[in-house]
Amino acid sequence: MHFRMKRYSLLLALAGITLFAGAQEPLDKHPATDNPDNIPYPVFPVPSDRQMDWFETEFYGFSHYGPNTFVGTEWGNDRKPNPKEYAPSQMPDCDQWVKAMHSAGMRGMVVVCKHHDGFCLWPTESTDFNVRNGAGVSPQVDIPLMVSEACKRYGMKFGVYVSPWDASNPHYGTDKYVTDVLLKQITELCTNYGKLFEIWFDGANGGNGYYGGDSITRKTIDKRVYYDWENIADSIHKMQPGCVVWGREFRWCGNEDGYSGKTCWSNFNQEEIYIETKNNSGMEDGLLFLPSEVDVRTTSKWFWTEDEKSKTAEQLYRIYLESVGRNATLIMNCAPDKYGKMPDDIVENLGKLGVLLKQRLGNDIAKGKLVVADKVRKGQLFDASNITDDNKDTYWATDDCDNSGSFVIDLGEVRNIHYVMLQEYIRLGQRVRSFTIETSNDNITWQMFAAGTTIGYKRIMAENDDTSRYGNGVNARYVRVNITDSKSCPLISNVSVF
Ligand code: FUL
């Protein structure tokens, strides 16, 4: 506001000078008119292009597979490193993994290439502790290669997990490990397997291991400085300009149970990453755009064991609502078994989840419907119809001094409503602090549907924000959204009704 006032005063002053001087220069050459479309100023921080691409991926798979799969452990740091523990009797069926994930509606997949045990599931030059020296068909296995090729077949994005903690490497804890082992591994993964959309690093760090021999404890590693994240991230971006880096361009959501905070800001501060108390809700005044990723298991463990059971499709669906529906992305672990297959019950529930997502969130009944707003920003570009035009690059906005506003969507007839999905135009920064949603049959009397705080990239609201059951929904013709508070003028790019 202050800034704009200054610009207008400048404009007036320049106009005065111009008149006095005999109108030699047209007004539109002056800096005060450099925003003819009245585009809102960004509210920082704002996402980079690769963060936007990542956010729009929304839902993707994770797979933990390696020596732990054969021994039945989760970390594998409790025994002497033995590459023969990785003993596939047949080639892992990575096509089947990716196919199952694709059937759930996932748009990408991140595969564990090295877990905390340090075993590399590709023929790396960085250590002998890799597939070349495993048992069975191991020497023919190259997991990132097989998964990346399967991802291409299903039109899925591809990403890798490399554990920084390495419980078997003799150099772990020295600079040599970072430059000659970890960075080498990252470089191989960034250069040999095509485009990456995400690289996962994990916060687990030091502790008990067999660092090159007998059991030793290394607990003094300061993960904030030891790995030289800044330079590692720069190197990654040079090799993979479209790849977002864990802990630097997105944050862990703070739990492994599959939910984001109902209030969820994408803004955050780098130091908080290591404190881990605010991850779930983010920080309204955080200086960096560091959105949340929810990581969760389809079973109760990260690695496969014989007696594990998959969560039901309804449970997985709820996780989706409480992550993607709360301004986070969702990475869902599906652990292949020791035969290299995704277990039947996981495949079945992923397929059912895909069906639920299509049935319940696949048909937007507000698309193309009439929207009337109580106020619209001056200019040609901010009409309320942008909210239902199915175009993520257009948005409704209010004037700069208006941090609230309402609009009504007319569905044309009474419809059964289960969810209202809201999206901000976050390229200009996350803004909304609170909102309500009401429904009506006559556009006169209104019933409360749900109330919320943040929106961000995406917020899916069920009736009363109750995600625990699908319920009967509400019958109504009109949906009114009231943005009741925002950091600056709200910019709403999309509202869908299901
Ligand atoms: C955790 C790790 O310690 C688990 O083993 C797993 O990889 C999970 C995704 O992150 O912090």
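The values are calculated or read from the model by the stated rules, or taken from the named source; none is laboratory data. What you see is a predicted model; the values in this text were computed from it and never measured. No Cβ is skipped: glycine too gets one built from the backbone with ideal geometry, and neighbour counts run over all protein chains shown. Just the protein is used for accessible areas: all its heavy atoms, side chains included, with ligands, DNA and RNA removed. Shrake-Rupley method; radii C 1.70, N 1.55, O 1.52, S 1.80 Å.
Angle of helix 94-103 to the longest C-alpha principal axis of the chain, folded into 0 to 90 degrees and rounded to 10: 30°.
Let me know the volume per residue of the alpha-carbon convex hull for the chain, in Å³. Can you show the working numbers first?
On the way: hull volume 79.0 nm³, N = 498.
For the chain, the hull spanned by Cα atoms encloses 159 Å³ per residue.
What Kirkwood hydrodynamic radius, in Å, does the stretch 165-273 give when the mean of 1/r is taken over all pairs of distinct Cα atoms and then inverted? Mind dumping the intermediate values first?
Numbers: mean 1/r = 0.0642 Å⁻¹.
When all Cα pairs of the stretch 165-273 are included, the Kirkwood radius is 15.6 Å.
Which percent of the accessible area of the chain is formed by carbon and sulfur heavy atoms (probe 1.4 angstrom)? Don't jump to the answer; show the numbers that get you there.
Working: 10620 of 20870 Å².
Percent of accessible area from carbon and sulfur atoms in the chain: 51.
Taking only the C-alpha atoms of the stretch 50-130, the Rg (one decimal) and the largest Cα-Cα distance, Dmax (whole number), read 15.0, 43 Å. In degrees between 0 and 90, to the nearest 10, how far off the longest principal axis of the chain does helix 2-20 point, with axes built from Cα atoms? Taking Cα atoms only, the helix is inclined about 50 degrees.
Using a 1.4 angstrom probe, figure out how much accessible area the stretch 421-498 has per residue, in square angstrom, rounded to the nearest whole. List each step's numbers first, then the result.
Details: 2640 Å² over 78 residues.
I get 34 Å² per residue for this part.
Rounded to the nearest 10 degrees, the angle from helix 229-239 to the longest Cα principal axis of the chain is 80 degrees.
For the stretch 161-267, trypsin sites (Lys or Arg not before Pro) are listed when DSSP marks them as loop and at most 13 other Cβ atoms sit within 10 Å of their Cβ; the list is 219, 224.
Looking at the stretch 133-196, the accessible area is 38 square angstrom per residue; that uses a 1.4 Å probe and ignores ligands, DNA and RNA.
Here, P(r) means the percent of Cα pairs in each 10 Å bin from 0 to the largest distance; for the stretch 103-202 it is 16, 48, 29, 7, 0. For the stretch 177-308, averaging the sequence separation of C-alpha pairs within contact (under 8 Å, six or more residues apart) and dividing by the residue count gives a relative contact order of 21 percent.
Taking all pairs of distinct Cα atoms, average 1/r, flip it, and tell me the Kirkwood hydrodynamic radius of the stretch 269-319 in Å to one decimal place. Let's see the in-between values first.
On the way: mean 1/r = 0.0731 Å⁻¹.
After inverting the mean inverse Cα-Cα distance, the result is 13.7 Å.
Accessible surface area normalised per residue over the stretch 287-398 is 43 Å², counting heavy atoms of protein chains with a 1.4 Å rolling probe. The magnitude of the dipole of the chain, with charges of +1 and -1 set on the Cβ of Lys/Arg and Asp/Glu and taken from the Cα centre, is near 380 debye.
Which FRET efficiency, nearest 0.05, do residue 277 and residue 413 yield, Cβ-Cβ r, R0 45 Å?
Working: r = 48 Å, r/R0 = 1.06.
Rounded to the nearest 0.05, the efficiency is 0.40.
With the charge dipole of the chain set up from +1 on Lys and Arg Cβ and -1 on Asp and Glu Cβ about the Cα centre, the Cα lying farthest toward the positive end among the listed residues 57, 432, 242 is that of 432. Inter-label distance, residue 314 to residue 385: 4.3 nm, where each label sits 7 Å from its Cα along the C-beta direction.
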